[in-house]
Amino acid sequence: MTHYRLYYAPGACSLASHIALEEIRRAGLADYATTRLLLPAGDQKKPEFLAVNPRGHVPVLSYRLDGKEGLLSENLAILRFLMRQHPQARLLPTAPELEARGWEWLSWLATDVHSYAFMQVFYPMRYAESLVAQAEVEASGRALLTRYWADLESRLPAQGFALGPGLADQGGEDYFSVVDALLIVFYRWAKRYGFAPQRHYPRWAALSERTLARPSVQAVFEEERINLSDRLPPRPAHLYQIPETEQ
């Protein structure tokens, strides 16, 4: 049986890859172990992890394939690899149009939502020097995310999971995919950063509760010791110039 090791940080974007691996394990297709990194403690910058990934980012997946050991970084690359290695896990539909819809979601979430908008909220000090300018950067990121959340809400089905419509031949509305695994990452972040998605985006909130009800997701949340209810306090102005390492 194939064995993997996932390097992750609790509640980070690596959560999506963690959920995918747990789905694979519960399908009896492969086993995996994990290495936990605490980003606020700077674990991602320590020599032992930089030897694994010099970029200092999670997730990282180690694997053995055809007698050779390998490492993969970047969420989408890891998810793609796992889909191809274990098609029986049904991590994404295989019908061409539906698979493309899944990648449309994943690409948008990983780029516009995460790398573009959320980074302005997480790290405004990377984009500006003065406190005033940093506050403006964060406000810009929040405005973008508010717009993205409305777009996201309008695209989600009222029932089932994100790719439910059009999946009658592949499980119908109950087809859970890695799109849902990544969506719950951002739902949790939206709650932590004060967007109150549970009040403003009912379809996204309901989808997140359905996702959390899956045994695989519950197991991962328990291992990572995270939940959907925690909220970060407002960031004091004087902290804008301190490099943050939470995400």
Practice prompt. Tell me, yes or no, whether the stretch 143-161 has at least one residue that is surrounded by fewer than 19 Cβ atoms within 10 Å (Cβ to Cβ), out of contact with any helix residue (DSSP H, G or I) (no Cβ under 8 Å at 6 or more places or on another chain) and part of a loop (DSSP other than H, G, I, E, B).
Written response: no
Taking first residues from the stretch 1-13 that are assigned by the TED database to the domain that holds residue 31 and closer than 20 Å to residue 40 by Cβ and second residues anywhere that are small (Gly, Ala, Ser) and assigned to a loop (DSSP other than H, G, I, E, B), the pairs with Cβ under 6 Å that are 6 or more apart or on different chains are none
From the option list 100, 158, single residue qualifying as over 24 Å from residue 209 (Cβ atoms) and modelled with pLDDT under 95 is 100
Out of (1) part of a helix (DSSP H, G or I); (2) farther than 30 Å from residue 164 by Cα, the one residue 84 does not meet is (2)
Among the residues of the stretch 92-137, the number that are in a helix (DSSP H, G or I), more than 24 Å from residue 76 (Cβ to Cβ) and touching an Asp or Glu at 6+ places or on another chain (Cβ under 9 Å) is 2
- Is there a residue in the stretch 175-184 that is out of contact with any Phe, Trp or Tyr (no Cβ under 6 Å at 6 or more places or on another chain), under 22 Å from residue 103 (Cβ atoms), modelled with pLDDT of 95 or more and among the small types (Gly, Ala, Ser)? yes
Residue 164 fails exactly one of (1) part of a loop (DSSP other than H, G, I, E, B); (2) at pLDDT below 90; (3) farther than 20 Å from residue 209 by Cβ, namely (3)
*asked:* Among the residues in the stretch 53-60, are any in contact with a Phe, Trp or Tyr (Cβ under 7 Å, 6 or more places away or on another chain) and outside any loop (DSSP other than H, G, I, E, B)?
replied: yes
Would it be correct to say that residue 147 is of a type in the set (Lys, Arg), under 21 Å from the mean Cα position of the chain (by Cα) and either closer than 18 Å to residue 175 by Cβ or outside the structural domain of residue 12 (by the TED database) (or both)? yes
Scanning the stretch 33-65 residue by residue, the ones that are closer than 16 Å to residue 82 by Cβ and surrounded by fewer than 19 Cβ atoms within 10 Å (Cβ to Cβ) total 5
Counted residues in the stretch 66-99 being of a type in the set (A, V, I, L, M), surrounded by fewer than 18 Cβ atoms within 10 Å (Cβ to Cβ) and farther than 18 Å from residue 22 by Cα come to 2
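The values are calculated or read from the model by the stated rules, or taken from the named source; none is laboratory data. The model shown is predicted, which means the values in this text are computed figures rather than measured ones. Don't worry about glycine lacking a Cβ; one is built from the backbone with ideal geometry, like all the others, and counts go over all protein chains shown.
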